[in-house]
């Protein structure tokens, strides 16, 4: 696979941007202005300088924007594996693959400008791919710089949250429950009972904090693990379905396709199996 097929840079007007994105690449989207969009069927709004991170086949749909320019980086997991480079750049679970946090945040003006300038440098290097034999290393270095800045700023953003913006102890406990039981307990009744609440009261409590229902969080956690096993291991789809406690691989495939938009086999084919699985 050539460099141009593994990473791409786009600087385009929001008016010409696709209304819906659903692709096998990791995506970093940076823009300045107000926007309304939907990720995994959850609506979000933002303003000012924003940087947004999407994983392969994450459901994304523009609803409304008024920003003038969009800077988009798309890269394949074969080109830059965020799991393989986790000791160098800790972005998995911070920028990508965190179902409990919004996959975007506001970034200050100086870092916004630095990232935009770095994107322009990446674009120039890619254009000169045939001339410069060191392009691959240079472009990866620029990508690492953007991920490093973003991870640092996202961590700072989470640290600086006001007390009323932080999840309370009950909801932190709920996250722990999901992590411990998502493979075996998928009923909201099970989790609501742990808090001695009705399912309705429990759902309202969770949705107020996460903008997602308990069922949505549980489903997203199952899908996150399924994607991880498809990408980071050589386990068969049957083995993965068994590990996630589905009745059979056919039910798992239907469940996965309903939530992701493609079958597990097509996801693995297009996203690939990571170098860490070897």
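For region 3-159, the relative contact order comes to 25 percent (Cα pairs under 8 Å, sequence separation of at least 6).
For the peptides 76-89, 238-251, the ranking by packing is 76-89, 238-251, with the highest mean count of neighbouring Cβ atoms within 10 Å listed first. Does anyone have the angle between helix 109-127 and the longest principal axis of the chain? Alpha-carbon axes, 0 to 90°, nearest 10? Helix 109-127 sits at roughly 60 degrees to that axis.
GNM on the chain, alpha-carbon springs under 10 angstrom: the most fluctuating residue among 206, 262, 172 is 172. In the chain, helices alone account for a calculated mean residue ellipticity at 222 nm of -14500 deg cm²/dmol, with every DSSP H run of four or more residues adding -39,500 (n - 2.57).
Compared with the dominant principal axis of the Cα atoms in the chain, helix 169-181 is inclined by about 90°.
For the chain, the longest principal axis of the alpha carbon atoms and the long axis of helix 214-232 meet at an angle near 50°.
Every read-out reported here was derived from the displayed coordinates using simple, explicitly stated rules and does not represent laboratory data. Note that the structure is predicted; figures quoted are calculated from it, not measured. Please note: Cβ atoms are built from the backbone with ideal geometry, for glycine as well, and neighbour counts cover all protein chains shown.
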